[in-house]
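The values are calculated or read from the model by the stated rules, or taken from the named source; none is laboratory data. This is a predicted model, so every value here is computed, not measured. Glycine also receives a Cβ, built like all others from the backbone with ideal geometry; neighbour counts cover every protein chain displayed. Note: accessible area is taken over every heavy atom of the protein model, side chains too, but ligands, DNA and RNA are not part of it. Shrake-Rupley method; radii C 1.70, N 1.55, O 1.52, S 1.80 Å.
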Amino acid sequence: MTRPDSDDCPRANGMPMLGLGTWENTDPDACANAVEAALEAGYRHIDTAQAYGNEEDVGEGLDEADVAREDVFLATKVWIDHADRDGVIESTEESLEKLGTDYVDLLYIHWPSRTYDPEETLPALEELKAEGKVKHIGVSNFEPRHLQVAEDVMDEPIFANQVEFHPFLQQRQLRDYLDDTETEMVAYSPLARGKVFDSDVLTDIADAHGVSAAQVSLAWIRSKGVTAIPKATGEDHIEDNWASLDLELTDEEIRRIDAIEDVDRRVDPGFGPWNA
């Protein structure tokens with residue numbers, strides 16, 4: 001079987017539907033090496049955030065890889081301590097400097113929390129987009145009620161909402177809302193922080209195809225029209241996740257995963273909007 005290349009990765013409104021997540025990858029060399037390895041393997045979507053503390057390392061990996069900047073869909077997120085107007089502008093300028101780029105393809109507000117104020121925060125994002133420093137505006141961890149307010153405030157469309165999404169948190173109501181508003185969903189923690197490897201449903205399907213449970217979860221996510229950004233540091237995991245592009249689940253296998261009743265949110269800070 002030939003390994004997928006970058007052209008084999010489907011796109012959602014121009015965004016590659018499989019990317020590399022960098023959450024908790026705080027070792028500078030490991031992070032830079034992972035980004036470089038992912039790009040060399042075919043990935044063209046890299047996700048980071050101010051709160052991860054690794055934007056400089058991501059930038060180094062981008063610089064070291066033999067891939068043109070314009071071919072990479074690069075995303076970062078404004079942390080909730082910087083969500084006031086001046087904080088959005090200033091922290092994004094700092095992010096661009098750390099990443100070594102003039103623009104990001106997607107800038108998210110990380111959470112609708114703390115200094116986040118729709119009337120102040122969102123126009124700052126639009127200002128950055130008008131200046132060409134941001135290609136697309138996104139939000140993260142927003143529920144439908146937050147999206148409705150944002151849509152009322154903004155003239156620019158919300159491109160994507162990045163949320164936790166995997167077979168144990170299927171987000172059906174939110175997915176329906178995003179489909180209705182033509183907003184992309186981006187899935188963080190798509191492997192449920194390793195829980196996919198303990199699922200009889202996922203491992204049985206994986207065994208039937210001779211692949212990993214991680215690949216099954218990523219293929220299921222793609223079947224829902226959702227973009228996944230699994231975190232990976234080692235080249236083996238980077239390659240294994242990338243190989244999921246070759247996996248097509250049957251309708252019956254998708255139904256089996258859809259029927260999983262175990263609900264397990266793996267990222268649940270006290271300031272999460274579902275806790276309000």
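Taking the C-alpha atoms only, the angle from helix 28-41 to the longest principal axis of the chain is near 60 degrees. Of the peptides 114-121, 246-253, the order by per-residue mean of other Cβ atoms within 10 Å, starting with the highest, comes out as 114-121, 246-253.
Using the Cβ-Cβ distance between Thr203 and Arg3 with R0 set to 25 Å, the FRET efficiency from 1/(1 + (r/R0)^6) comes to roughly 0.60. Shown is the FRET efficiency for Glu156 and Ala68, computed with R0 = 30 Å from the Cβ-Cβ distance and rounded to the nearest 0.05: 0.70. Remark: the Ala12-Glu97 segment gains 27.8 nm on full extension, using 0.36 nm per residue and subtracting the alpha carbon distance. Full extension of the segment from Glu235 to Ile254, taken as 0.36 nm per residue of separation minus the current Cα-Cα distance, would add 4.0 nm. Take every DSSP beta bridge whose two residues both sit in the stretch 40-177; close to 5 percent of them are antiparallel.
Each Lys and Arg Cβ is given +1 and each Asp and Glu Cβ -1; about its Cα centre, the stretch 142-276 then shows a dipole of about 380 debye. Computed from point charges on the beta carbon alone (+1 for Lys and Arg, -1 for Asp and Glu), the dipole magnitude for the stretch 182-244 about its Cα centre is near 240 Debye. What FRET efficiency comes out for the pair Asp180/Val267, r = Cβ-Cβ distance, R0 = 41 Å, nearest 0.05? Between Asp180 and Val267 the formula returns 0.95. Computed over the chain with a Gaussian network model linking Cα atoms closer than 10 Å, the most mobile of Glu90, Glu184, Glu36 is Glu90.
What you get for the stretch 122-215, charging only the Cβ of Lys and Arg (+1) and of Asp and Glu (-1), is a dipole of about 320 debye around the Cα centre. In the full protein context, the chain carries 43 Å² of accessible surface per residue, based on a 1.4 Å probe and ignoring ligands, DNA and RNA.
Using a probe radius of 1.4 angstrom, the carbon and sulfur fraction of the accessible surface of the chain is 41%. Between the helical axis of 55-64 and the longest alpha-carbon principal axis of the chain there is an angle of about 60 degrees.
Between the residues Ile257, Phe197, Cys9, the greatest Cα displacement towards the positive end of the dipole of the chain, with unit charges on the Cβ of Lys, Arg, Asp and Glu, is found for Ile257.
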